[in-house]
Amino acid sequence: SKGLLYHYFDGKEAILRAIFKSAFDKMAGSAEVLEGLHGRDLIRFLVDQAFDFLMYQGNLQRLMIGLAVQVSDLPLVHDIASQKMASYKSLLTSTFDALGYDDAEGEALAFGALLDGIALQLMVLDVDYDLAKMKEHLYHKYAL
């Protein structure tokens, strides 16, 4: 029942916060898991997690994208996404720097944009999108 939901959450904002935290953890793994990975192992893990999320959590992915495009109406979504992405950007920048990339920060941003773009294309093209080929391409691009 609706009432039971509010027994566990203070309101709609708390529900959205829990959904986004859960989705980010499913998509990229918890902070504890990420801290234990380095270099190409971290990149491979993030690619694998992102693609598993796209394959098995399609409805949640569509919800996140739907909410993300409404950030001006939902500042909470912007705040949560900004915090998570800042931590991922920092982790990825240091990882790409350790791997010898000349522009580690640029590569970290490009990596995130690639994963976001893949999610959008999959959402639009659905069954006509070759997700396996894209994953293979990323493995090759990053020598995973």
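The values are calculated or read from the model by the stated rules, or taken from the named source; none is laboratory data. Just so you know, these numbers come straight off a predicted model, no measurement behind them. When we count neighbours, we look across all protein chains shown, and the Cβ atoms used for this are built from the backbone with ideal geometry, even at glycine. Protein only, heavy atoms only, side chains kept; ligands, DNA and RNA dropped before computing areas. Shrake-Rupley method; radii C 1.70, N 1.55, O 1.52, S 1.80 Å.
Net charge around residue 97, counting only other residues with Cβ within less than 11 Å of its Cβ (Lys, Arg = +1; Asp, Glu = -1)?
Numbers: positive: none; negative: 102, 103, 105, 107.
Charge balance near residue 97 sits at -4.
Per residue, how large is the accessible surface of the chain? Use a 1.4 angstrom probe and give square angstrom. Before the final figure, lay out each step's value.
Values: 8910 Å² over 144 residues.
Each residue of the chain exposes 62 Å² on average to a 1.4 Å probe.
Taking each residue as 0.36 nm, the span from residue 102 to residue 60 lengthens on full extension beyond its C-alpha to C-alpha distance by 11.6 nm.
To the nearest 500 deg cm²/dmol, what mean residue ellipticity at 222 nm is calculated for the chain from DSSP H runs of n ≥ 4 alone, each contributing -39,500 (n - 2.57), summed and divided by the residues? Write down the numbers at each step before the final one.
On the way: 8 runs with 115 residues, N = 144.
Value at 222 nm, helices only, nearest 500: -26000 deg cm²/dmol.
Rounded, prolate or oblate, given the Cα gyration tensor of region 47-130, with a/c below 1.5 counting as rounded? Judged from the Cα gyration tensor, region 47-130 comes out oblate (a/c at least 1.5, b/c at or above a/b). Shown for the chain: the carbon plus sulfur share of the solvent-accessible area, taken with all protein chains present and a 1.4 angstrom probe, equals 57%. With the charge dipole of the chain set up from +1 on Lys and Arg Cβ and -1 on Asp and Glu Cβ about the Cα centre, the Cα lying farthest toward the positive end among the listed residues 92, 119, 143 is that of 119. Overall, the chain carries a charge dipole of about 440 debye about its Cα centre when +1 sits on the Cβ of Lys and Arg and -1 on the Cβ of Asp and Glu, all other atoms neutral. One entry in (i) 45, 39, 26; (ii) 45, 32, 31; (iii) 52, 34, 27 is Cα extents along the principal axes in Å calculated from the shown coordinates; its label is (iii). Please state the shape class of region 36-80: rounded when a/c is under 1.5, otherwise prolate if a/b exceeds b/c and oblate if not, all from the C-alpha gyration tensor. Here region 36-80 falls in the oblate category.
Axis angle, to the nearest 10 degrees, between helix 75-98 and the longest C-alpha principal axis of the chain: 20 degrees.
Residues with beta-carbon under 14 Å from that of residue 78, excluding residue 78: net charge, scoring Lys, Arg +1 and Asp, Glu -1? Numbers along the way, then the final one.
Working: positive: 17, 84; negative: 13, 73, 79.
Surrounding charge for residue 78 is -1.
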